[in-house]
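In what follows, a single structure is set out as C-alpha cells and then discussed.
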Amino acid sequence: MDAPWNEWSDRRQIHDVVLRYCRGIDRLDFALVRSAYHPDAVDHHTGFDGSVDEYLAWVEPKLRARRGGTMHIVANHLVELLGDTAISETYGTSVHWGEPADDPRANFTSGVRFVDHMARRDGRWAIAERWAVREWTRSDAGRLMPKEAAGPAGTRDGDDPLARLQRKLRGTEDM
C-alpha cells in the first residue's frame, strides 16, 4: 500500500533537515545549522550536552580553529512518523581533516548515527533533540595526500563553488 502524499512530504522535509545540518557544518554556515533545529532544541555530541545555542558556541570555534574541513556523508535514513513528532535515525560517516596533518584529533573519520526527535511546529520540521552517536572512530593522521593537479577546490567561505553557483543562479554575482 502506498503512503499518502503528505507522509512522503513529511519524510522528505525531515531528510532535508538532516542534509541542511550536514551542509551547514561542512561549509561553516552556522545560520544553516541553526535552521535545522527548533530554538529550544537540545543536542548531545561526544564531549557536549546542551542547548542548540550552547552547541553552536561550542562547535564553531572547534571547526574554525582546528579543522581544514569536514565532510558528512549521509547513508541510511529511516523516519518513524508519529503525527507532529517523528523519530529520525540517520547513519553516516564524518570525515575531519586539518593541521597538523599528523594530529589524530584533527584528522579522523567516524561512523555516526544521528538519532533525532523531530517535531513539526507551525508547519516546519526541525530537530527538537539530537543524539550524535559515535559508533567508531579511526585516525587518518598523516594519510591526507595533496591533489594531483589543479581543479575545483572546496572552501568554507563565500568562494566555495556551491556559494558561487548559488549567487550566480540567484542573480547576485557572476561566476
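For the pair segment 123-155 / segment 39-80, the C-alpha centres are spaced 11 Å from each other.
Within the set (1) 32, 19, 14; (2) 25, 19, 15; (3) 29, 21, 16, the number that semi-axes √(5λ) of the Cα gyration tensor in Å takes when calculated for this structure is listed as (3). Springs between Cα atoms under 10 Å define the GNM used for the chain, and in it the highest mean-square fluctuation of G123, G69, G92 occurs at G123.
Residues whose amide H comes within less than 5 Å of that of D140, counting only those at least five positions distant or on another chain, are N107, F108, T109 (H built at 1.01 Å from N in the peptide plane). Ligands, DNA and RNA are left out, and with a 1.4 angstrom probe the accessible area of segment 56-158 is 59 Å² per residue.
Only helices enter this figure: runs of n ≥ 4 DSSP H residues, each worth -39500 (n - 2.57), summed and divided by the residues of the chain, yield -9500 deg cm²/dmol at 222 nm to the nearest 500.
The values are calculated or read from the model by the stated rules, or taken from the named source; none is laboratory data. If you're wondering where the values come from, they're calculated on a predicted model, not measured in any experiment. Remember, those area values only see protein heavy atoms, side chains included, never the ligands or the DNA or RNA. Shrake-Rupley method; radii C 1.70, N 1.55, O 1.52, S 1.80 Å.
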